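Before any comments, here is the structure.
Any read-out appearing in this document is the output of simple, stated calculations on the displayed coordinates, not a laboratory observation. Treat the numbers as computed from the prediction; the structure is a model and nothing was measured. All Cβ positions, even for glycine, are placed from backbone atoms using ideal geometry, and neighbour counts span all protein chains on display.
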Amino acid sequence: MSASKPSLPNKPIASERVRSADLPVAWIMMLGLMVAVGPLSIDMYLPALPSMADDFGVSTAFMANSVPAYFLGLVFGQLFYGPFSDRVGRVKPLYIGMTLYVIASILCATTDNEYVLFAGRTLQALGACVGAVVTRAAIRDRLTAKQTAKAFSIMILVMGLAPILAPSLGALFLQFFDWHSIFWFLAAFGALNLLLTKFFFFETLTEENRNVRPAREVLSQYWDLLKDPTFNYPAIGGGLLMGAMFVYISSASELIMDTYASQQHISLGCSE
């Protein structure tokens with residue numbers, strides 16, 4: 001892969017800009033793996049909710065509260081990592097977020113208290129969302145506008161497989177191990193991303209292009225953004241759409257594996 005120095009120093013670009021013919025597909029796919037941490041964390045453990053509920057001595061509906069606990073961390077984590085990565089670069093937030101993710105996954109795998117599990121899920125999200133923020137920023141840092149569109153298409157294809165395969169992968173783990181193994185796998189996946197960051201992810205935001213403005217200005221920009229109707233109307237619509245999907249995700253395990261399975265069992269018993 002050949003690279004040249006940036007020709008537009010006034011724009012927030014990386015220390016190296018890829019030539020138009022040299023789209024770094026392997027690098028983009030690696031970023032897709034980092035983003036896939038989020039979908040894996042949401043979907044992979046869903047088949048285990050009934051068995052987790054049995055172990056903790058609670059209902060599946062109560063254990064499903066671990067899903068919105070994850071979304072809570074997801075929301076606030078993204079608000080933090082964006083300005084933070086603009087200030088200190090892209091590499092340090094990845095180390096911090098993935099390290100937190102590994103620790104939180106181990107906490108979820110070893111706890112015997114449901115409230116500690118909920119807290120661990122929130123910490124998981126606070127760590128995992130760094131991938132969604134930093135990888136997109138790194139692409140914009142390094143690539144041109146046309147390359148960025150192609151890169152996002154490739155990365156979405158890679159990370160789009162995660163929510164499709166994650167429930168089946170979780171069910172496969174449950175065939176041979178208990179639910180703890182799913183969180184151990186997630187911890188190992190987070191450790192893999194730490195290794196990828198160490199050996200294959202280089203800094204894409206030069207020091208001269210970093211945002212050194214006071215934190216209060218960042219907060220005021222968030223407030224100005226919320227008051228902008230060209231942002232908040234689409235954001236509300238998108239939020240309602242995603243919220244409906246997340247409601248389904250959090251309730252599907254109880255409905256399908258508990259309620260419907262029980263009704264079918266009763267129905268089969270009556271037919272016999």
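Note down the net charge around residue 69, summing +1 for each Lys or Arg and -1 for each Asp or Glu among other residues with Cβ under 12 Å from its Cβ.
0
Below 8 Å, C-alpha to C-alpha, sequence gap of six or more: please give me the relative contact order for segment 18-213 in percent.
39 percent
Starting with the fewest neighbours, write out 184, 223 ranked by other beta-carbon atoms found within 10 Å of each beta-carbon.
223, 184
I want the local charge near residue 216. Using Cβ-Cβ distances under 14 Å, sum +1 for each Lys or Arg and -1 for each Asp or Glu among the other residues. Mind dumping the intermediate values first?
Working: positive: 87, 213; negative: 217, 224.
Counting the neighbours of residue 216, the net charge comes to 0.
What is the sum of charges around residue 130, taking Lys and Arg as +1, Asp and Glu as -1, for the other residues whose C-beta is under 12 Å from the C-beta of residue 130?
+3
Can you pull the percent of Cα pairs in segment 91-181 with separation above 21 Å?
49 percent
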